[in-house]
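Okay, structure first, notes after.
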Amino acid sequence: MTSDGPAVELRTGTPPAPGRLVLLEGFLNTWSGELDFDDFETPASTEAWLRGAGVWTRAKKLTAKNHEKIVAFRSHLRAWIIDDEAAQPLKHSVAEVTFRAEIDASGTVEFTATGDPYQAVVGAMTEIVSESQKNGTWDRFKCCELPTCGWAFYDATRSRTKRWCSMKTCGSRHKAREYYKRKRG
C-alpha cells in the first residue's frame, strides 16, 4: 500500500479491519455473489485494482494464468477463513511464493515477496495474515458464513462470535432458511 493510502476504494465492514488487515479485507471484498460484482473479472480489471491498492507496483503485466491463480487464491483464502479445515488448497497457493529476507540495523526481519505478479499478491496477503496473527487481530477477522455472500469483515463484538456480515440481511436469510427446513422436515 502506498503511504498516501490506496487509490481504489476498499470495500470494508463496519468497523473496518485495523492496520494493514484492511487491505486483506478489501482484497477479499472484490467479489460478492450477493451484490453480483467481481472486480477481478478480467486480468486488466484485476491488475487495475491491485495497482490502485498498491499491491502490485512493478512494470510487469498480469498474465491470464496469474489472473486465474489470484482469483483462485482469493477463493481459497475466503474458504480457509470460514473453515480452518479448508487449508489444503491455500497451502498449495502459498507454496509457490518466494520471499527475500532483509534484516535492518535493529535486527528486525522483513520478508518481501519476489517473482511474478501472482507471487507478489499472494506474498503480500500472506504477510498481512502473519502480521495479524502476531498482533492478535486475526481471530476477529472473518468471512460471512452465508455461501452466496462470503463478505470479509472485522468482528469487533465483545464475544467474537459474529457469523454474518449483517444480521439484517445474511443472518436473517440463514435463520429463515433453517426455520423452513425444520418446518418441512
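Only the coordinates and a few stated rules stand behind these numbers; no lab work does. Everything numeric here is computed off the predicted structure, so don't read it as measured data. Note that each Cβ is placed from the backbone with ideal geometry, even for glycine, and that neighbours are counted across all protein chains shown.
Looking at the chain, how many pairs of lysines come closer than 20 Å at the Cα, when each pair is eight or more places apart or spans two chains? Final tally of qualifying lysine pairs is 13.
Footprinting exposure proxy ranking of S172, S106, S132, S45, fewest other C-beta atoms within 10 angstrom first, gives S106, S172, S45, S132. Working from label points 7 Å from Cα in the Cα-to-Cβ sense, the K60 to Y180 distance is 4.8 nm. Rounded to the nearest 10 degrees, the inclination of helix 172-184 to the longest alpha-carbon principal axis of the chain is 40 degrees. Panel order for Y180, Y154, by other beta carbons found within 10 Å of each beta carbon, from fewest to most: Y180, Y154. The orientation-averaged projection of the convex hull spanning the C-alpha atoms of region 111-183 amounts to 6.8 square nanometres. Remark on S166: its backbone amide H falls under 5 Å from those of G171, a criterion applied only to residues 5 or more positions apart or on other chains, H modelled at 1.01 Å from N. Using the Cβ-Cβ distance between I82 and E102 with R0 set to 41 Å, the FRET efficiency from 1/(1 + (r/R0)^6) comes to roughly 0.75.
Here's how it looks for F99: its modeled amide H is under 5 Å from those of T114, which are all 5 or more places away or on a different chain. The ranking of V71, V22, V121 by Cβ neighbour count inside 10 Å, starting from the fewest, reads V71, V22, V121. Restrict the search to region 41-140; then list the GluC sites (Glu not before Pro) that DSSP places in a loop and that have at most 16 other Cβ atoms within 10 Å of their Cβ. Hits after loop and neighbour filter: E41, E96.
Relative to the Cα centre, the charge distribution of the chain, modelled as +1 at Lys and Arg Cβ and -1 at Asp and Glu Cβ, gives a dipole magnitude of about 1000 debye. Of the labelled options (1) 15.7, 43; (2) 16.1, 58; (3) 17.5, 67, which one gives Rg and Dmax of the Cα atoms in Å as computed for this structure? Structure-derived value, by its label: (3). Taking the three principal axes of the alpha carbon atoms in region 1-72, the coordinate ranges are 34, 32, 16 Å, sorted in descending order. Given a Förster radius of 25 Å and the C-beta distance between T112 and E41 as r, what FRET efficiency does 1/(1 + (r/R0)^6) yield to the nearest 0.05? According to the calculation, E is roughly 0.30.
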